[in-house]
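The values are calculated or read from the model by the stated rules, or taken from the named source; none is laboratory data. No experiment lies behind these values; they were computed from the predicted model shown. All Cβ positions, glycine included, derive from the backbone under ideal geometry; neighbour counts span all protein chains shown. SASA here: full protein model, heavy atoms, side chains in, ligands and nucleic acids out. Shrake-Rupley method; radii C 1.70, N 1.55, O 1.52, S 1.80 Å.
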Amino acid sequence: MGGSEAYSVFHGRDIFAYTAARLASGIISFEGVGPEYPAADIVQIKDALKTAEIQAGSASGIVTSVSDPFGSIVFNITLAQVEEAGFQHGDVLRVLLAHQGTPVFQENVLYHKSFGFVQPGQPILFNSSSDYLSLGLNQGSFVQAYGCGRGGDWTIHVSRSSAAEGAGRT
């Protein structure tokens, strides 16, 4: 197996995919995969089951990850859901980021293609490389500036607001 037995980080690649290929090719039978794992012992991560809430003009979700070392935060709001909410690059949107219900960041923020559309130190909503909505600071760390973490305790609400409407597209 290539000596990966001591590491669990890449089990999907090193053990599960290898075993699945052997099973699919007929080298082993289903019984040869190993003992059945008790379903009662399977642990589900509750935050992984949370889905974003999308309406026309608004999107709500949670912080799923932080982008180290850059300091941006990534939400469980897909880019398809961003479009479903009706947001387009150039829109200025109202962002409310909260930790356990307490607002941590509440500002109008430009949603655009790259950090170059805002001044250094300014926040921006952008498309992450993983196909999710992200929030960052141009030439800075949003995580450090606002003490952000990840998980279901960290929520985001993005919406159109009357204050943001006048800012328009660029």
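Where both bridge residues fall in segment 64-170, DSSP classifies roughly 95% of the beta bridges as antiparallel. The slack in the chain from Phe70 to Asp41, taken as 0.36 nm per residue of separation less the alpha-carbon distance, amounts to 6.8 nm. Take the convex hull of the alpha carbons in segment 76-132; its mean projected area over all directions comes to 4.4 nm².
Relative to its Kirkwood radius, the Cα radius of gyration of segment 65-108 gives an Rg/Rh of 1.00. Taking every protein chain into account, the accessible area of segment 79-134 amounts to 50 square angstrom per residue (probe 1.4 Å). For segment 64-170, the list of trypsin sites (Lys or Arg not before Pro) that fall in a loop by DSSP and count at most 15 other C-beta atoms within 10 angstrom reads Lys113, Arg169. In this view, the solvent-accessible surface of Tyr132, computed with a 1.4 Å probe and all protein chains in place, comes to about 80 Å². Leaving out ligands, DNA and RNA, and with a 1.4 Å probe, what % of the accessible surface on segment 45-108 is carbon or sulfur? For segment 45-108, the apolar C and S fraction of the accessible surface comes to 51 percent. When you work out D = kT/(6 pi eta Rh) for segment 53-170 at 25 °C and 0.890 mPa s, using the Kirkwood radius from C-alpha pairs as Rh and the Stokes-Einstein form, the result is 177 µm²/s.
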